[in-house]
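*Asks:* This is the structure, below, for whatever I ask next.
The values are calculated or read from the model by the stated rules, or taken from the named source; none is laboratory data. Owing to the predicted nature of the structure, the values given are computational and were not obtained by experimental measurement. All Cβ positions, even for glycine, are placed from backbone atoms using ideal geometry, and neighbour counts span all protein chains on display. Keep in mind that these areas ignore ligands, DNA and RNA; they rest on the heavy atoms of the full protein, side chains included. Shrake-Rupley method; radii C 1.70, N 1.55, O 1.52, S 1.80 Å.
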Amino acid sequence: MVQFTKNTETFLSASSWDGVIIEPYGDLANASTDELKLQYSRTYGSNINHPVGTARMSPKKAKWGVVDSELFLKGADGVRIVDASVFPSIPESHTRAPVYVVAERAAALIKTKYSL
């Protein structure tokens with residue numbers, strides 16, 4: 001984040017921004033060292049992406065991945081993970097619709113397993 005902040009400062013110091021960007025605002029104006037830039041990032045930074053992929057799906061016998069294609073947690077019995085964490089990458093859309101697809105798939109798997 002420190003390097004990103006420096007790159008942004010360099011970009012915004014270009015003459016094409018004259019009169020548009022007047023000066024840094026608030027605490028960023030005082031963030032003159034790497035440590036202060038890091039602190040600024042930790043205080044004010046946020047993630048605008050939807051976190052996904054923390055429990056990636058993979059083939060049943062693969063050594064990588066957290067859940068199999070039936071959404072079962074590998075290494076545990078009967079535990080399914082049904083949320084955006086099973087996506088292998090961030091969808092280029094809002095995550096709501098893809099999560100609904102995973103939820104509907106999980107519902108179908110559960111209904112089939114218990115003959116519902």
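*Asks:* Order the following by accessible area, largest value first: Trp17, Trp64. Probe radius 1.4 Å; ligands, DNA and RNA are ignored.
*Replies:* Trp64, Trp17
*Asks:* For the chain, compute the number of Lys pairs whose alpha carbons are separated by less than 13 Å, excluding pairs fewer than 8 positions apart on the same chain.
*Replies:* 4
*Asks:* How long are the semi-axes of the equivalent ellipsoid of segment 12-104, taking √(5λ) for every eigenvalue λ of the Cα gyration tensor, in whole Å from largest down?
*Replies:* Semi-axes (√(5λ), whole Å): 43, 16, 11.
*Asks:* Here's a follow-up. I'd like the carbon and sulfur percentage of the solvent accessible area for segment 21-88, probe radius 1.4 Å, heavy atoms only, ligands and nucleic acids excluded.
*Replies:* Result for segment 21-88: 55 percent of the exposed heavy-atom area is carbon or sulfur.
*Asks:* Whole-Hz ³J(HN,Hα) for each residue in segment 13-22, computed from phi via Karplus 6.51 cos²θ - 1.76 cosθ + 1.60 with θ = phi - 60°, x for glycine and proline: what do you get?
*Replies:* Along segment 13-22, the couplings run 8, 5, 4, 5, 9, 4, x, 9, 9, 7 Hz.
*Asks:* What list of ³J(HN,Hα) couplings, whole Hz, do you get for segment 31-41 from phi and the Karplus terms 6.51, -1.76, 1.60, once you set θ to phi - 60° and write x for glycine and proline?
*Replies:* 7, 8, 10, 4, 5, 5, 5, 5, 4, 4, 4
*Asks:* Here is a follow-up. Could you size up the charge dipole of the chain around its Cα centre, putting +1 on the beta carbon of Lys and Arg and -1 on that of Asp and Glu, and report it in debye to the nearest 20?
*Replies:* Here the size comes out at about 960 debye.
*Asks:* Suppose R0 equals 41 Å. What FRET efficiency, 1/(1 + (r/R0)^6) with r the Cβ-Cβ distance, do Tyr25 and Trp64 give to the nearest 0.05?
*Replies:* My answer for the efficiency is 0.40.
*Asks:* Restricting things to alpha carbons, find the Rg to Rh ratio for segment 1-48 using the Kirkwood radius for Rh.
*Replies:* Value, to two decimals: 0.98.
*Asks:* Can you tell me which of 82-91, 106-115 comes out highest on packing, and rank the rest after it, using the mean Cβ neighbours within 10 Å?
*Replies:* Packing proxy ranking, top to bottom: 82-91, 106-115.
*Asks:* Relative contact order for segment 1-113: what is it in percent, counting Cα pairs under 8 Å that are at least 6 residues apart?
*Replies:* 18
*Asks:* Same structure again: Any idea which of Ala84, Ser115, Ser69 is furthest toward the positive side of the dipole for the chain, if Lys and Arg beta-carbons carry +1 and Asp and Glu beta-carbons -1?
*Replies:* Ser115
*Asks:* For a quick protection proxy, order the peptides 74-81, 31-38 by their average other-Cβ count within 10 Å, most packed first.
*Replies:* Packing proxy ranking, top to bottom: 31-38, 74-81.
*Asks:* May I pose another question? Taking N as the number of residues in segment 55-116, what is its alpha-carbon radius of gyration divided by 2.2 N^0.38 Å?
*Replies:* 1.12
*Asks:* While we're looking at this one, here's another question. Taking amide H positions as placed in the peptide plane 1.01 Å from N, state which residues far from Arg80 in sequence (5 or more) or on other chains have amide H under 5 Å from it.
*Replies:* Counting only residues 5 or more places away or on other chains, the set is Leu73.
*Asks:* Taking the chain as a Gaussian network, where each spring joins two C-alpha atoms under 10 Å apart, which residue of Glu92, Glu104, Glu23 fluctuates the most?
*Replies:* Judging by the Gaussian network model, the answer is Glu23.
*Asks:* Set Lys and Arg Cβ to +1 and Asp and Glu Cβ to -1, take the dipole of the chain about its Cα centre, and tell me which of Pro59, Leu28, Tyr44 lies farthest positive.
*Replies:* My answer, from the dipole projection, is Pro59.
*Asks:* Calculate the dipole size of segment 73-115 relative to its Cα centre from +1 charges on Lys and Arg beta carbons and -1 charges on Asp and Glu beta carbons; express the result in debye to the nearest 20.
*Replies:* 160
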